[in-house]
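Contents: one structure, followed by commentary.
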Amino acid sequence: MALNENLSHLIKVTAINIGKNTIFKDALEKEDKVRVLDDLKLPDRIIALIIGSTQDSVRSLRLRSKKKARLKNVQPSPDKKGE
């Protein structure tokens, strides 16, 4: 199981390295890069290596990104005054 998982991560990292200009073309900030790599289900330690950061920083950036995404999806409640 661990070998298959490691092999899967290696394949993804290789593909990212080959196509990083395309993959990260709109990802200017580290937070954007973390979001892209997190979508690929890579572990924090590998994401940290790719973006030149630490695992703790990756966790923090991921949480910040998910919080922003949730805030974008929240619909404003109807204004009671207009009823």
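Only the coordinates and a few stated rules stand behind these numbers; no lab work does. What you see is a predicted model, and the numbers here were worked out from it, not measured in a lab. Note that each Cβ is placed from the backbone with ideal geometry, even for glycine, and that neighbours are counted across all protein chains shown.
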>> Against the definition (more than 12 Å from the chain's Cα centre (by Cα) and of a type in the set (A, V, I, L, M, F, W, C)), how does VAL58 come out, yes or no?
In response: no
>> For a quick check of your reading of the model, give me the residue pairs whose first member lies in region 48-63 and is farther than 17 Å from LEU28 by Cα, whose second is of a type in the set (Lys, Arg) and surrounded by fewer than 17 Cβ atoms within 10 Å (Cβ to Cβ), with beta-carbon atoms closer than 7 Å and at least 6 apart or on different chains.
In response: GLN55/ARG45
